[in-house]
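Following: one structure in structure tokens, then a few remarks.
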Amino acid sequence: MTETAPLSGPGVEALVRRVIDVINAARPMPLSTSVMVSRDEIIDLLEAALAELPEEVREARWLLKEREDLLSKARVDAGLVIEEARTRVAQMVQRTEVVRSAELKARQTVEQAEAQARRRQHEVDDYLDEKLEKFAIALEKIQSAVINARSLLQPQMPEPEPDVELDPGTTSASEVFDQDEN
């Protein structure tokens, strides 16, 4: 395993100590606790310290920045995904409600149609029963008329008197005219 370089090299530490020494040796401002330092000297020392920092520190800072950028982008993407999911769920719920409503409407329509069909079937049955009853009455009248007409067609023969003898070879009048029995 390789040893990694320390985060601050010996040069960086010396430059930071030099900045501290410059600030400690600075002259105090009259009537104040503030000190006067040479701005250019401090900036030069700090820039030199930054230049002395190992490459790993710069890379680490760059990686941290990239990490923050990626996290920020991931949060935005996650928010978009969540919002899209919420929208889809809302659409699915709405579609589900529409389907439920349509199914309810369809059931009601089918029930109404079945009730109407039953009512019409009863109406047709009643109508046919009425017509058949009238037809039966008409048939009874026709049958009565046929029976009356047939009875009118049959000759009314007087009954032979018992004291009159018929020839043994002849048949009686009732046998000749009784056509219904044969």
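Taking the conditions exactly as written (of a type in the set (Gly, Ala, Ser) and surrounded by 11 or more Cβ atoms within 10 Å (Cβ to Cβ)), does ALA25 satisfy them or not?
Here the answer is no, as ALA25 does not meet what is asked.
Residues in the range 28-84 that are assigned to a loop (DSSP other than H, G, I, E, B) and in contact (Cβ under 8 Å) with a residue 24 or more places away in the chain: how many?
Number of matching residues: 2.
If you check VAL124, VAL176, VAL146, which single one turns out to be in a helix (DSSP H, G or I), surrounded by 10 or more Cβ atoms within 10 Å (Cβ to Cβ) and modelled with pLDDT under 55?
VAL176
The values are calculated or read from the model by the stated rules, or taken from the named source; none is laboratory data. Just so you know, these numbers come straight off a predicted model, no measurement behind them. Neighbour counts are summed over all protein chains in view; Cβ atoms, including those assigned to glycine, are modelled from backbone coordinates with ideal geometry.
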